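Structure first, then comments.
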Amino acid sequence: MFTSDEQAVVEPNSDLVAMALAVIGFVIFISVMAHTYQVYQDKTFIVQHYDDAASLAGLLSNDPLLTAPERPGLIDASRVEELGIGDINELKDRYGTRYGFSFKVEVPQIYSKVVGTSKDLGVSASIPVTIRLNEVEEMPGTLTVKIWEK
């Protein structure tokens with residue numbers, strides 16, 4: 001079955017192709033592993049900090065700068081519209097000690113307001129809230145908070 005033929009021809013560059021394929025395979029393997037690790041790190045950050053974003057949304061839903069004076073759980077759209085740079089900085093000083101954040105108050109297809117600017121990567125959490133659109137109209141909506149590392 002096996003033969004022992006010791007007469008063979010060896011070309012001087014025949015192992016370069018095999019070496020190039022091995023190096024290319026190793027580079028592709030390393031790049032796939034690096035990408036997998038980066039995705040894992042991003043997902044881990046999201047899992048670890050989702051509760052932080054949700055609790056910040058709960059705090060903002062009861063903040064006096066956003067709510068109606070006579071009803072603390074009701075977000076007033078007119079107050080959100082009137083937020084100035086000083087008010088936004090006050091909110092960030094009060095709640096943004098560990099993270100940068102922005103938030104969005106929304107009643108689908110009726111009202112939407114984003115307060116602050118955000119980075120591309122971050123963790124978002126939404127909670128249901130009641131939003132006062134005017135003196136006679138209150139509708140269910142959402143308060144979405146996005147946080148990111150400073």
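So the values come out like this:
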quantity	calculated
Every residue from the range 120-145 that is open to solvent by 40 Å² or more (accessible area, probe 1.4 Å), part of a strand (DSSP E or B) and not hydroxyl-bearing (Ser, Thr, Tyr)	128, 138, 139, 140
Residue check, residue 39 at pLDDT 90 or above and over 18 Å from the mean Cα position of the chain (by Cα)	no
Looking only at the range 70-119, and only at residues there that are over 30 Å from residue 38 (Cβ atoms) and assigned to a loop (DSSP other than H, G, I, E, B), the one that is most open to solvent (accessible area, probe 1.4 Å)	109
Test: residue in the range 6-28 that is aliphatic (A, V, I, L, M) and under 26 Å from residue 123 (Cβ atoms)	no
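The values are calculated or read from the model by the stated rules, or taken from the named source; none is laboratory data. Keep in mind the model is a prediction, meaning the values are calculated, not measured. All Cβ positions, even for glycine, are placed from backbone atoms using ideal geometry, and neighbour counts span all protein chains on display. The accessibility values were calculated without ligands, DNA or RNA, using every heavy atom of the protein model including side chains. Shrake-Rupley method; radii C 1.70, N 1.55, O 1.52, S 1.80 Å.
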